[in-house]
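Q: Okay, handing you the structure first.
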Amino acid sequence: SKLRPEEVARMLDRLYTKYDNLSHAHNVFKVETIGDAYMAVTNLVADQPDHTARMARFALSVIQAASETLVDEQDPSKGSVITRAGMHSGPVVADVVGLRNPRYCLFGDTVNTASRMESNSQAGRIHCSEFTASHLSRQSPTIL
């Protein structure tokens with residue numbers, strides 16, 4: 001069954017509050033949320049030599065947190081949130097755009113590739129590029 005817009009907003013608030021707490025715990029920088037997408041990055045605002053492993057651990061935590069979040073607290077029969085994640089590594093351009101409601105945004109092929117990784121991922125899984133997988137195998141071989 002479908003959720004009313006108010007119920008979607010409440011569910012996303014509960015979910016993104018969990019994600020925000022996880023981003024703090026993993027020292028991952030939240031860039032923005034766009035609808036039901038949560039964009040986060042590592043190694044941008046601070047040097048993080050373990051950036052890929054850090055992001056992978058964060059993504060695993062996010063998938064777990066989603067699975068523990070009811071879609072509708074008033075109707076548990078609707079089940080839990082099922083999410084997916086995408087990861088890619090590389091350079092980005094960061095800038096604040098706009099005047100009326102300025103937004104901090106990331107741009108570049110790295111962002112586009114990560115987005116494609118997410119959109120092509122299976123539910124409950126992390127899809128990463130081959131380049132990111134090679135970083136991850138060096139930084140944390142046991143996580144693969």
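Q: Solvent-accessible area of Y104, probe 1.4 Å, all protein chains present, reported in Å² to the nearest ten, please.
A: 80
Q: Further question on the same structure: All other residues with a Cβ under 13 Å from the Cβ of H24 taken together, and with Lys, Arg as +1 and Asp, Glu as -1, what is their net charge?
A: Working: positive: K18, K30, R54; negative: D20.
Every neighbour counted, the sum reads +2.
Q: Compute the relative contact order of the chain as a whole-number percentage, counting only Cα pairs closer than 8 Å that sit 6 or more residues apart in sequence. Please list the in-between numbers first.
A: Details: 199 pairs, mean separation 28.4, N = 144.
Relative contact order comes out at 20 percent.
Q: Here's something else I'd like to know. If you count only protein heavy atoms and use a 1.4 Å probe, how large is the accessible surface of M55, to the nearest 10 Å²?
A: Spelled out: M55, probe radius 1.4 Å, area about 30 Å².
Q: In whole Hz, what ³J(HN,Hα) sequence does the range 37-50 give by Karplus (6.51, -1.76, 1.60; θ = phi - 60°), x for Gly and Pro?
A: Each residue's phi maps through the Karplus curve to give 9, 10, 9, 9, 8, 10, 6, 9, 9, 8, 6, 10, x, 9 Hz.
Q: If the elastic network links every pair of Cα atoms under 10 Å, which of T113, T17, T42 fluctuates the most in the Gaussian network model of the chain?
A: In the Gaussian network model the winner is T17.
Q: Determine the gain in length on full extension of the stretch A25-R116; use 0.36 nm per residue of separation and subtract their C-alpha separation, reporting nm with one decimal. Each step should come with its number before you reach the end.
A: Numbers: separation 91, 0.36 × 91 = 32.76 nm, distance 2.62 nm.
Separation in residues times 0.36 nm, less the Cα-Cα distance, equals 30.1 nm.
Q: Quick one: angle between helix 130-139 and the longest Cα principal axis of the chain, in degrees between 0 and 90, rounded to 10, please.
A: 80
Q: Show me, bin by bin at 5 Å from 0, the whole-percent P(r) of the range 39-93 based on Cα pairs.
A: 4, 17, 23, 16, 13, 10, 8, 6, 3
Q: Using Cα springs under 10 Å in a Gaussian network model of the chain, which residue among Q74, Q64, Q122 shows the largest mean-square fluctuation?
A: Of Q74, Q64, Q122, the Gaussian network model singles out Q74 as fluctuating most.
Q: Just one of (i) 44, 44, 27; (ii) 67, 38, 29; (iii) 46, 34, 32 is Cα extents along the principal axes in Å as worked out from the coordinates here. Which one is it?
A: The calculated read-out lines up with (i).
The values are calculated or read from the model by the stated rules, or taken from the named source; none is laboratory data. Nothing here was measured: the structure is a model prediction, and the numbers come from that model. For neighbour counting, all protein chains shown are included, and Cβ atoms are generated from backbone atoms with ideal geometry for every residue, glycine included. These area figures cover heavy atoms from the full protein model, side chains too; ligands, DNA and RNA do not enter into them. Shrake-Rupley method; radii C 1.70, N 1.55, O 1.52, S 1.80 Å.
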